[in-house]
Each structure stands twice: as structure tokens, then as C-alpha cells.
Amino acid sequence: MSEKTNKVAERFIFNSDAVFTSLPEIVKDDFLNQMIVKQFKKGQNIFTEGTYPAGIYFIKKGKVKKYKTLNGGKEQIIYVCSEGELLGYAAFLSEERYPDSAASLTDSSIGFISKEKLIRLLDQHDELSKMLLKNLSHEFGVLVNFIATFTQKTVRERVALNLLILQEKFKDNLNENAEIEIVLTRIDFANIVGTAVETLVRLLRDFKEEKLIQTSGRKIIIINENELLEIADATDSF
């Protein structure tokens, strides 16, 4: 993956995994030791929009989609979370209902820390409080970038940009040729882009014919990052 692609992708990616890693070891160990790890099957809901949080979640393994349900039951996927990222803490900190839902995209191992345990951890470790505030600030900027993307870019540009973002999210999913495989249903991909499945399929077929990607079933491999960067027009600032 090129440095230019990384710089583009990082504008659209929460960095809670990096911030968590930077915590002192004693704080990380205390945080991880308070977790109850639960196993979620692919497609299983983790929490639901409109309910109150009983704690926060930490993704130990797998991929999770954050989404809102629109009129008619259609989903709009807001973000794809991966290993090391936190879920549901913004609603917890604000003592409000979840503004969105979360469901596993893959079989996942997810840690849960209850409200009581988290309050005790925050009282004991100032570094943890600072980490959550830093995450909130960064995630706000990421969401602003996503909004700008949806209002300024064509569907073709959004598909190209999201391929680059998803490549970063799936960077640990390597095949025998050390190629990154993006594994996602076309429905979920269309719900990320905000378009009809038929439109997404047509654009992916176009990209394949232009030798920008390879596909096999749900799997997508990027083979021409530079051209996708050009199509995404990702050098602009939001």
C-alpha cells in the first residue's frame, strides 16, 4: 500500500487503536483485565440505535459495521470498525441513547466493560479519560470528512475512495500472494457508498474492466491504487 494511499485513508479512519496502544502498560492491562470477551457471529447485532448503553465495547478481533436504519428499513453504513477500536463510548460518555446500531461483519471477538467498571477505571487513570476525549475529537473530524465526501463526490468517486479506505481496514486479511482481500457483501458495500446495489455492481465491473481491481465472489483486490486515487480525487482537503 502506497504512502499516498495511507495518507488519504487516515483522514477517514478512527485512530482509537493507535491511541490505545500509546497508553502506559499498567493502564492498558487494567483496562483489558476488566473486559468480558464475547463472541459474535457474522451479522449479529452488538447494540441497537435508540437504546441506552450499559458500558463500552472493544474489538479484539473481527470487523464491525456502525449503521443507521433509514425509512423503509434501508441501512446507511457510517463506518467499518476493526481490531483495536472502541464502540459505543460516545453515547456512554454523554449519557444518551445510541445514535446508531452496530453489527458484526465477520465472526468477531469483542470485549465489554460495564458502566460500573469503566467509571472506576476513569477515576483511577487520568490517561484513560484523556484517550477517550482525544478519540472523540478525532472521530468528529473523520465524520466531517465523510459528510463532505457524500455531498461533493459522484458515486464513481465515492466507490473509488471507499475501496482505498476498505483496503486499509482489511490490511490484515492477506491471501497466499500477500495481497489484501476486501471481503464484503455487495449490499454492505452499497450501503457504505450510499447507492443502489445495481449501481455499485456496475461500477465494480467497470473498475475490473479498467484493470483497477480483481474480484472473486465477495473478494476485491486493488491492483492499481494510483488510478483509484485519481478517480477518487482524494487530494482535495475537506
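Within region 23-79, the set of residues being under 23 Å from L118 (Cβ atoms), of a type in the set (D, E, K, R) and free of Cβ contacts under 8 Å to residues at least 60 places away in the same chain comprises E25, K28, D29, E49, K60, K61, K66. Take the conditions within 27 Å of F189 (Cβ to Cβ), touching a helix residue (DSSP H, G or I) at 6+ places or on another chain (Cβ under 7 Å) and among the hydroxyl-bearing types (S, T, Y) and apply them to Y79. Does it pass? Answer is no for this residue. The helices (runs of 4 or more DSSP H) falling completely within region 98-215 that include 1 or more residues that are more than 23 Å from G72 (Cβ to Cβ) and of a type outside the set (S, T, Y) map to 115-124, 126-152, 155-169, 197-209.
The sole residue among K68, K28, K4 that is at pLDDT 85 or above, basic (K, R) and loosely packed, with under 15 Cβ neighbours inside 10 Å is K68.
Condition check for L174 on (1) over 30 Å from I26 (Cβ atoms); (2) of a type outside the set (S, T, N, Q); (3) in contact (Cβ under 8 Å) with a residue 40 or more places away in the chain: one failure, at (3).
Put simply, of N191, N145 the only residue that is buried (at least 18 other Cβ atoms within 10 Å of the Cβ) and under 17 Å from K66 (Cα atoms) is N191. Before we move on, is Y79 assigned to a strand (DSSP E or B), at pLDDT 90 or above and at negative phi? When the stated conditions are applied, Y79 passes them. When L128, L161, L122 are checked against the criterion of being in contact (Cβ under 8 Å) with a residue 40 or more places away in the chain and farther than 26 Å from A196 by Cα, L128 stands alone in meeting it. Of all residues in region 94-102, at least one satisfies being among the small types (G, A, S), closer than 26 Å to D172 by Cα and modelled with pLDDT of 90 or more. Across region 197-229, the number of residues qualifying as modelled with pLDDT under 95 and loosely packed, with under 13 Cβ neighbours inside 10 Å comes to 3.
For region 178-213: of the residues being among the polar types (S, T, N, Q) and within 29 Å of N15 (Cβ to Cβ), which is farthest from the chain's Cα centre (by Cα)? Filtering region 178-213 for residues that are among the polar types (S, T, N, Q) and within 29 Å of N15 (Cβ to Cβ), the one farthest from the chain's Cα centre (by Cα) comes out as T195.
Pick from region 56-65 the residues that are crowded, with 21+ Cβ neighbours inside 10 Å and not in a loop (DSSP other than H, G, I, E, B): which of them is farthest from the chain's Cα centre (by Cα)?
Step by step, filter region 56-65, then rank; the result is I56.
The values are calculated or read from the model by the stated rules, or taken from the named source; none is laboratory data. This one's a predicted model, so the numbers in the text were calculated from it and none came from an experiment. Don't worry about glycine lacking a Cβ; one is built from the backbone with ideal geometry, like all the others, and counts go over all protein chains shown.
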